[in-house]
Structures are given as structure tokens and as C-alpha cells.
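**Q** The structure's right below; bear with me while I get my questions together.
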């Protein structure tokens, strides 16, 4: 009596493992993207809060327009502009509309006091 697996049995096992990997891998890849998007949403909330605080401070002092002209590191507790998790950049582009291109970091609409991920694919967050 022969012990062990023959070549056909071993090939079937490898095929089954390959199919399992092919089925589960896309789920993990999408999960990584979702983690980055959710992290970006959380950081956006922090940045929006910092803009709101600056707006309130400027309004209380009679400074108009009350929205800050740009995003500064001094607006944050640790004196650093937060990193945008999708592109891993803390650069801030200042403009007066929503982002229209794919770029890195943040996009700040200084007229309306709105902050976006500087990427038209994620501008709705």
C-alpha cells in the first residue's frame, strides 16, 4: 500500500487553494480602500471643526470675512495639518470652488469655508 498523495491529488488541492485565494483576495483589497476612505472622513471632521472654531473666533473679534484665508498648522492642537489618508499628504490647495482634478492632500474653499479631499473622485465626502 502506497502512502502519500499522487500528482493528481496534489494538483486538485493546489487548485482548490488557488480558487479560495482568488475569491477572498478582492474582498481584502476593497476593505483596505474602505479603511482609507473612513479614515479620511474622520480627519475631514477634525478639519471642519478647526475651521468652525477659527470662524467663531474671527466672528467674535469682528474679523470679516470670518472664514480663515487658508488652513494653517496653528489651527490644530498638535500644530500640524492632518495627513489625508488616501494620498498620504498634508498639502493644502486653496481655491474658491470644489476640486476639479485628481491631486494630493486637501482642497480648501476659502470663500465658503469648506474642506475637501483634493481628488474629484472623493470630493463628495
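The values are calculated or read from the model by the stated rules, or taken from the named source; none is laboratory data. Source: prediction; values computed, not measured. Please note: Cβ atoms are built from the backbone with ideal geometry, for glycine as well, and neighbour counts cover all protein chains shown.
**Q** Looking at (1) without any contact (Cβ under 8 Å) to a residue 12 or more places away in the chain; (2) on the phi > 0 side of the Ramachandran plot, find the lone condition where residue 12 falls short.
**A** (2)
**Q** Additional query: Quick check: is even one residue across the stretch 28-49 more than 17 Å from the chain's Cα centre (by Cα) and farther than 17 Å from residue 113 by Cβ?
**A** Within the stretch 28-49 (the criterion being more than 17 Å from the chain's Cα centre (by Cα) and farther than 17 Å from residue 113 by Cβ), the answer is yes, since at least one residue qualifies.
Okay, residues lined up against (1) at pLDDT 95 or above; (2) surrounded by 14 or more Cβ atoms within 10 Å (Cβ to Cβ); (3) over 25 Å from residue 102 (Cβ atoms):
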site	(1), (2), (3)
41	no, no, no
51	yes, yes, no
65	no, no, yes
77	no, no, yes
84	no, yes, no
88	no, no, no
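**Q** Also, I was wondering about something else. Looking at the stretch 104-113 only, could you name the residues that are touching a residue at least 24 places away in the same chain (Cβ under 8 Å), surrounded by fewer than 20 Cβ atoms within 10 Å (Cβ to Cβ) and closer than 17 Å to residue 43 by Cα?
**A** Within the stretch 104-113, just 113 meets the criteria.
**Q** Residue under question is residue 115, and the condition is that it be in a strand (DSSP E or B) and either in contact with a strand residue (DSSP E or B) (Cβ under 7 Å, 6 or more places away or on another chain) or at pLDDT 90 or above (or both); does it hold?
**A** For residue 115, the condition - in a strand (DSSP E or B) and either in contact with a strand residue (DSSP E or B) (Cβ under 7 Å, 6 or more places away or on another chain) or at pLDDT 90 or above (or both) - is met.
**Q** Let me ask something additional. For the stretch 57-66, state whether one or more residues are in a loop (DSSP other than H, G, I, E, B) and in contact with a helix residue (DSSP H, G or I) (Cβ under 7 Å, 6 or more places away or on another chain).
**A** Yes, the conditions are met somewhere in the stretch 57-66.
**Q** Ok, one more. Scan the stretch 74-92 for residues that are farther than 22 Å from residue 112 by Cβ and over 14 Å from the mean Cα position of the chain (by Cα) and report the count.
**A** Within the stretch 74-92, residues that are farther than 22 Å from residue 112 by Cβ and over 14 Å from the mean Cα position of the chain (by Cα) number 4.
**Q** Considering 74, 70, which residue is in a loop (DSSP other than H, G, I, E, B) and either without any contact (Cβ under 8 Å) to a residue 60 or more places away in the chain or closer than 21 Å to residue 34 by Cα (or both)?
**A** Checking each option against the conditions leaves just 70.
**Q** Do you know which residues across the stretch 94-103 are buried (at least 16 other Cβ atoms within 10 Å of the Cβ) and modelled with pLDDT of 90 or more?
**A** Passing the criteria: none in range.
One line per residue, one yes/no per condition, for (1) surrounded by 12 or more Cβ atoms within 10 Å (Cβ to Cβ); (2) in contact (Cβ under 8 Å) with a residue 40 or more places away in the chain; (3) out of contact with any strand residue (DSSP E or B) (no Cβ under 6 Å at 6 or more places or on another chain):
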position: 8; (1), (2), (3): no, no, yes
position: 20; (1), (2), (3): no, no, yes
position: 24; (1), (2), (3): no, no, yes
position: 28; (1), (2), (3): no, no, yes
position: 37; (1), (2), (3): yes, yes, yes
position: 58; (1), (2), (3): yes, no, yes
